[in-house]
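K.L.:
Could you have a look at this structure, given as structure tokens, before my questions?
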Amino acid sequence: MMWAIGAAALLTMTGQVATAPQDQRSEQKRLSDAALYGVMIYAFDKAAWVSTDSLLEVMPRDQLGGLGGYVIEPIDRETLRATYYRGNAASAQAFFVADVRGGKVVRHEILPQPVPLTPTQMILARARDIARDEAAAKGYRPCTAAPFNTVVLPSVDNGPVTVYLLSAQVANTHYMIGGNYRIAIAPSGRIVNTRTFNTSCMNLALPDRSKNERVTGLVVNHLLDPVPTEIHVFASYSVLAPIFVLTPDKRVWQVRGRDITLFKQP
């Protein structure tokens, strides 16, 4: 199915998305990276969403004081594990875990006793904190009133952790494309590079599904890259519709889930 998320594609991380400021990747490599990482962003974001719902089902909000955040890791080729912790990264104590498979929670547990994060989990939690501070220092702002949605992708072969700061969607009637950033952070905590994906905020009207309204796709201009990026793939999954991307060379691309194809030449 076009909108299905394949676990093998998700968890077989064979490269790093964090690139040098002078991006020398070929066009095909850019497209394959956009597809792979767009899928991963969506899956990790979905895992955060459904595991948070699971946490709130078993623990009232008034018992969540001191919540520091969560980290998400692949534990096998089919499953992402969300671990929720209290405190900051250096002293964090995990208290709840949820396993997500196929976008659904298949197991959750309140730990009998809080336990320290593993070294890998501490790196992910610290990367989230570093990205938040770097975003504040650079003046990064989301395009909606809600705080950023943060997606932290684990390191591959001791490479950088990749943190995406995404504008949260606050209405079912529109989809905000804009206010999205990426910060790559080495396991040591050093910032490798940063980038912004948008030059403005684009609030796109969505069809009213309750009235069976349909749309061929959403159209956006993209000025910063010669081809669509992982943000367009993530957006396509999020709205379950194609995204048509007009790039600076006047080409039009169709992004339909992980499939990115040239739709129109200039």
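The values are calculated or read from the model by the stated rules, or taken from the named source; none is laboratory data. Source: prediction; values computed, not measured. Heads up, the Cβs are rebuilt from the backbone with ideal geometry, glycines too, and the neighbour counts pull from every protein chain shown. To get the accessible areas, we keep the full protein, side chains included, count just its heavy atoms, and leave off ligands, DNA and RNA. Shrake-Rupley method; radii C 1.70, N 1.55, O 1.52, S 1.80 Å.
K.L.:
Given the condition closer than 24 Å to A135 by Cα and part of a loop (DSSP other than H, G, I, E, B), answer yes or no: does some residue in segment 226-243 qualify?
P.N.:
Looking through segment 226-243, at least one residue is closer than 24 Å to A135 by Cα and part of a loop (DSSP other than H, G, I, E, B).
K.L.:
I'd like to verify a number: residues in segment 161-219 that are polar (S, T, N, Q), touching a helix residue (DSSP H, G or I) at 6+ places or on another chain (Cβ under 8 Å) and open to solvent by 50 Å² or more (accessible area, probe 1.4 Å), how many?
P.N.:
Going through segment 161-219 one residue at a time, the tally reaches 1.
K.L.:
Quick one: how many residues across segment 244-266 are part of a loop (DSSP other than H, G, I, E, B), over 24 Å from V163 (Cα atoms) and open to solvent by 20 Å² or more (accessible area, probe 1.4 Å)? Explain how you work it out, then say what you get.
P.N.:
Going through segment 244-266, the residues part of a loop (DSSP other than H, G, I, E, B) turn out to be 247-251, 257-258, 265-266.
Still in the running and over 24 Å from V163 (Cα atoms): 247-251, 265-266.
So of that shortlist, the ones also open to solvent by 20 Å² or more (accessible area, probe 1.4 Å) come out as 248-251, 265-266.
Selection size over segment 244-266: 6.
K.L.:
I'd like the full set of residues that are open to solvent by 80 Å² or more (accessible area, probe 1.4 Å) and in contact (Cβ under 8 Å) with a residue 60 or more places away in the chain, limited to segment 120-142. Don't jump to the end; show me each part of the working.
P.N.:
Keep residues of segment 120-142 that are open to solvent by 80 Å² or more (accessible area, probe 1.4 Å), which gives 126, 132-133, 137-138, 141.
Within segment 120-142, just R126 meets the criteria.
K.L.:
Please report, ordered by residue number, the strands (runs of 3 or more DSSP E) entirely within segment 23-119 with at least 2 residues that are touching a residue at least 40 places away in the same chain (Cβ under 8 Å), touching a Ser or Thr at 6+ places or on another chain (Cβ under 6 Å) and open to solvent by 30 Å² or more (accessible area, probe 1.4 Å).
P.N.:
In segment 23-119, the matching strands (runs of 3 or more DSSP E) lie at 104-116.
K.L.:
Here's something else I'd like to know. Exactly one condition in (1) of a type in the set (A, V, I, L, M); (2) in contact (Cβ under 8 Å) with a residue 40 or more places away in the chain; (3) in contact with a strand residue (DSSP E or B) (Cβ under 7 Å, 6 or more places away or on another chain); (4) open to solvent by 10 Å² or more (accessible area, probe 1.4 Å) is false for L240; which is it?
P.N.:
Evaluating L240 over (1) of a type in the set (A, V, I, L, M); (2) in contact (Cβ under 8 Å) with a residue 40 or more places away in the chain; (3) in contact with a strand residue (DSSP E or B) (Cβ under 7 Å, 6 or more places away or on another chain); (4) open to solvent by 10 Å² or more (accessible area, probe 1.4 Å) leaves (3) as the failure.
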